[in-house]
Amino acid sequence: MMSRTRFLLTVLLALAFLVAGCSLPTTSVPTPTAGPTVAPPTAAPPTAQPQPPTATPAQNTSGACMLTATASVKAYTRPSAQAQVFGTLSSGTQVQAQYRTPDGWYGFEPGVAQAGNVGIFRMRWVYGGKDIQMSGNCGQLPLAPPLPAGVCFFMAMDTTPVYILQGQNLQQIGSLAANQYAAVMGRGPGDWVELNLDSGQNNLHGQGWASLATGGFNGPCDNLPQVQASFPGAATPTPAPTSPPTPQSNETRIQFAAGAITWQAPITGNGNFVFNAMQGQSAEILVLQGGQPADAALAMAAPNGQPLQTYNIGRPDWRGVLPQSGDYHLSIAAPHGLAGMTLRVTIYPLPREPKPVTDTGVGFTLTYDGRYFHPQKPGVFPNEVFGLNLAYKDFFMNTNLQEAFFVMGLEPINNADSCLNTPPEGIAIQSAVGTWRVNGVNYRYYIGDEGAAGNFYHADIFRTYIHSRCITVYLYTHTTNINNYTPGSVTPYDKKGVLAQFKRVFFTLQWP
């Protein structure tokens, strides 16, 4: 990338000499523009249902059903004027409809990140009234399944077993496929929810129980009734681990809020915690003080009692892939006490489309989610041996993000000292941050940044020496200057969300 910067400087100098000797006509450069955005709501939803529309077709040669707002039009989270208002389509905004309802509503994807929604719940809805022009084959759109306003639904993000309660035992009656859903009747113990399977879109009937480990909520779900029930398994319908550790009465159980992947709280009491997770999920556990790594030691044990990290390591953090399903036990100690410290636990969801990678040449394994990434090396860094291109469109649409890659390099360095003490190449290193430990392997952590001609390049860089190989991992993003766009047309990209996707891959990286 340094060669790119020198090339741009050379071109600019050459242009300066040309301008000095010539009288050139003034040429206006078009301002970059982005696709339509949905503005925040400005008013409460109407209480009356609009009457069926008489729409004026707009010219459209593609055949797709296109909706064009001729005035400000409210968009809703469900096909109902009693649903929550999502935003407003300003006059002139055009969107492509993907679903319709018999009473005149049209669903479209809004082009913003919706990490918590799947399937039909990704749609936003407008009524095809007098302020919407329609063109294309709108009458051929598929009819949307029932989505009444005011109902809390359970969305299956992956295949989700459904059970009935027989006495105090669970008996599986079927499964919800990914993107299917059912109405929620109430919350039970742990992460269990009781479902009305006759309300929603699925192939089951009656009532049943499912776990939030493979699903999430959509709609007004904050005040669900508590359902009194008693059955084995507090959080996930997974078999009990073999040789589980003896339960500790003095442990604090970590309970994640609905739809959340991160739990954080001040450390009180004796510093012992327990959380439940599934085999293959990746995790990041941090002991912090003032937002920085605390002067503390974290010990961690798997459900079968296997130590994943001991106090002897002397680290206040753990990152990696979880080897079993069940309860994980944490214990925190500090030489000066735990006062003022915070525990933060992030458990990333299992990939919806898991793609395992085994590279026998370099000697690593990892797993990525095919829904977000596809294999591709960017050709930016020296000695690239593996790359994944973040291709999930929600991270790019109407933002200044241009490209994002997970990259691995095999460096021509044959000793640990040179590997760990030589800054990585390919981008200007701004600082050495410290050390991350991922699946028991220590990585030297650097931050790299460069900029040229309205483009910015950033990389979180990790270097390790393992199996007599010098390995570099890059979490790389290329963005543009948001001030170069028409004001309001482009927003800053979801940096936290992109980093979370990188971590989901990095934390599965292992060296057998």
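Side notes on the structure shown:
- Matching residues, the stretch 79-114, being small (Gly, Ala, Ser) and either within 22 Å of Gly150 (Cβ to Cβ) or surrounded by fewer than 20 Cβ atoms within 10 Å (Cβ to Cβ) (or both): Ser80, Ala81, Ala83, Gly87, Ser90, Ser91, Gly92, Gly104, Gly107, Gly111, Ala113
- Here Ala213 passes the criteria (1) assigned to a strand (DSSP E or B); (2) surrounded by 17 or more Cβ atoms within 10 Å (Cβ to Cβ) except the one numbered (1).
- Filtered residue count, the stretch 356-402, keeping only those that are touching a residue at least 24 places away in the same chain (Cβ under 8 Å), assigned to a strand (DSSP E or B), of a type outside the set (A, V, I, L, M) and surrounded by fewer than 17 Cβ atoms within 10 Å (Cβ to Cβ): 3
- Residues satisfying the stated conditions in the stretch 316-355, i.e. more than 22 Å from Arg253 (Cα to Cα) and in a loop (DSSP other than H, G, I, E, B): Pro335, His336, Pro351, Arg352, Glu353
- Residues of the stretch 382-412 that are hydrophobic (A, V, I, L, M, F, W, C), out of contact with any Leu (no Cβ under 8 Å at 6 or more places or on another chain) and at pLDDT below 95: Ala391, Phe396, Met397.
- If you go through the stretch 131-143 and keep only what is part of a loop (DSSP other than H, G, I, E, B) and either loosely packed, with under 15 Cβ neighbours inside 10 Å or not assigned by TED's automatic domain parsing to the domain that holds Thr101 (or both), you end up with Asn137, Pro142.
- Flag if Asp449 is assigned to a strand (DSSP E or B) and touching a residue at least 12 places away in the same chain (Cβ under 8 Å): yes
- Check on Val473, modelled with pLDDT of 95 or more, aliphatic (A, V, I, L, M) and part of a helix (DSSP H, G or I): no
- Residues in the stretch 94-131 that are of a type in the set (A, V, I, L, M) and in contact with a Pro (Cβ under 7 Å, 6 or more places away or on another chain): Val95, Ile120.
- Taken over the stretch 171-194, the criterion of being part of a strand (DSSP E or B) and closer than 14 Å to Phe121 by Cβ is satisfied by Leu176, Tyr181, Ala182, Ala183, Val184.
- Sub-7 Å Cβ pairs linking a first residue in the stretch 428-446 that is under 24 Å from Leu322 (Cβ atoms) to a second residue that is outside any strand (DSSP E or B), at least 6 apart or interchain, are Arg437/Arg315; Val438/Phe506; Val438/Phe507; Val438/Leu509; Asn439/Leu509; Val441/Trp511, ordered by first then second residue.
- Residue match in the stretch 505-512 (condition: assigned to a helix (DSSP H, G or I) and under 28 Å from Pro356 (Cβ atoms)): yes
- Scope the stretch 175-198; condition at pLDDT below 90 and farther than 27 Å from Phe275 by Cα; matching residues: Asp198
The values are calculated or read from the model by the stated rules, or taken from the named source; none is laboratory data. Please read all numbers here as calculations on a predicted model, not as lab measurements. Glycine gets a Cβ as well: all are built from the backbone with ideal geometry, and neighbour counts include every protein chain shown.
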